[in-house]
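A short write-up of the structure that comes next.
The values are calculated or read from the model by the stated rules, or taken from the named source; none is laboratory data. Since this is a predicted model, take the numbers as computed values, not measurements. Here the Cβ is made from the backbone with ideal geometry for all residues, glycine too, and neighbour counts use every protein chain on show. These accessible areas exclude ligands, DNA and RNA; they are computed on the full protein's heavy atoms, side chains included. Shrake-Rupley method; radii C 1.70, N 1.55, O 1.52, S 1.80 Å.
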Amino acid sequence: MEKKFPEGFYWGSATASYQVEGGIENNDWAKAAREGKVPPCGRACDFWNRYESDFEMARTELGHNCHRISLEWARIEPEEGQFDDEAIKHYLDMLAEMRRLRLKPFITVWHFTLPQWFADKGGFEHPDSPEIFARYCGYVAKKLGNDCRHFATINEPIVFASAGWLSGQWPPFKRFSLMNSIQLAGDRRDHHDKTSFWNFFTYLHVRRNLARAHNLAYDAMRKTAFGLEIGIVHNIVLFHSDGNPLNRLFAAFMNWFWTHSFIKKVYRKCDSIGVNYYIHKKFGDTKTYAKTDMGWDVYPEGLCDALLMVKKYGLPLWVAEAGVADADDDMRADYIKRLINCMHFAMQKGADVRGYMYWSLLDNYEWAQGFEKRFGLVEVNFETQERKIRPSAYVYKQIIEQNGLIDPVRSPSQQ
Ligand code: BGC
């Protein structure tokens, strides 16, 4: 059975600055690592120095036609209001390399890590944080807007706010006292030294500031550069139910709280929405699922409902991240096929999906979990920086070459 995608569909993978670049010391995560609150990131994948060979591998060996990177705010604006031309030049070099390889760039302007000066001011708790963020985004658009068309302002605002102010696993490690069982971003829960009931209200305040930050950033970017497509990247946790009316109500409320109440505030200032999908929660479910190395249910099928959930905003969509932590690489190929199958189904039902970026090209720094969890199409030896392409990456390559799923997609052992 043929499942073809439209001509010009984007196929690629994603990375994020702090998780791969290495050598970043002036942000809030590096400080938290020095204080022993999260694992150190160190050289990570040394992508800052190895991007040329990594892009080359993505394009020529793995067949990708696009790549999503993010920018490190702490490199570009190391002190408040002072911008570093060298850092911009380095990112311009990355974009030039992508152009040379015909790897379409997608830039996320900010992916979780804050410059230390901004974190010291209170980060997104600060009343002026939206304006400060918009100034940074406007600057970036002015400098990089001629070399890249696709931008997202913020990666996963709700994950960022939830992990920082509800579960307290990420900087600034504030924890809402009633959230004892929440586990959104990892296992480390021993540093939530600032547990309080009031953190819930700070969390709501941070969410509001993030929405304003996006909206102001959109205007600032539009003003400084012409012809950009600017959006936001949202992680959809799919809440669904066994059909029991009460469970249905829970699911509807959670989808509203996690997704719609935020997207409603920003979609008018979006040219597209990037969807990240990893996790579902089915109320009343008694089924047991196979687990990924993150301990998450193997349920790639949730991507379909996730895409259909945001179809109503009438914007082009792209899957900015979906993938699996699977060190043995024994489930990744099947997981990717199932994701792509679901994406195709969602498109048949009217979701205007333009591309898919597997998370991630490389094994990398998985935040509070350190380097142990392996999402990469490419295995990285963090001692030697050696790269080794996993068999599943070739299955994905074949799908890209066929621009769709044409059975039988050969299994990794047949490659
Ligand atoms: C984030 C990535 C992260 C991935 C896997 C997403 O929420 O954007 O930075 O590595 O999930 O946990």
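Whole angstrom only: what separates the Cα centroid of region 286-358 from the Cα centroid of region 99-122? Their Cα centres are 24 Å away from one another.
Only the Cβ atoms of Lys and Arg (+1) and of Asp and Glu (-1) were treated as charged; on that basis the dipole of region 1-151 about its Cα centre amounts to roughly 620 debye. Think of region 3-414 as having a plus end and a minus end, set by charges on the Cβ of Lys, Arg, Asp and Glu; of GLY295, TYR356, ALA87, TYR356 sits farthest toward the positive end of this dipole. For region 1-50, the relative contact order is 39 percent, taking Cα pairs closer than 8 Å that sit 6 or more residues apart in sequence and dividing their mean separation by the residue count.
Apolar share of the accessible surface for the chain: 51 percent from carbon plus sulfur atoms, 1.4 Å probe. Here the relative contact order of region 3-414, from alpha carbon pairs under 8 Å that lie six or more residues apart, stands at 18 percent. From helices alone, the chain scores -11000 deg cm²/dmol at 222 nm; the rule is -39500 (n - 2.57) for each run of n ≥ 4 DSSP H residues, then divide by the residue total. Charging the Cβ of each Asp and Glu at -1 and of each Lys and Arg at +1, and nothing else, the dipole of the chain about its Cα centre rounds to 1440 debye. Entry note, region 254-305: relative contact order of 28 percent, from Cα contacts under 8 Å with a spacing of 6+ residues.
Region 3-414 has equivalent-ellipsoid semi-axes of 28, 27, 22 Å, by the square roots of 5 times the alpha carbon gyration tensor eigenvalues, sorted largest first. Remark: region 250-346 carries a charge dipole of roughly 740 debye about the Cα centre, counting +1 on each Lys and Arg Cβ and -1 on each Asp and Glu Cβ.
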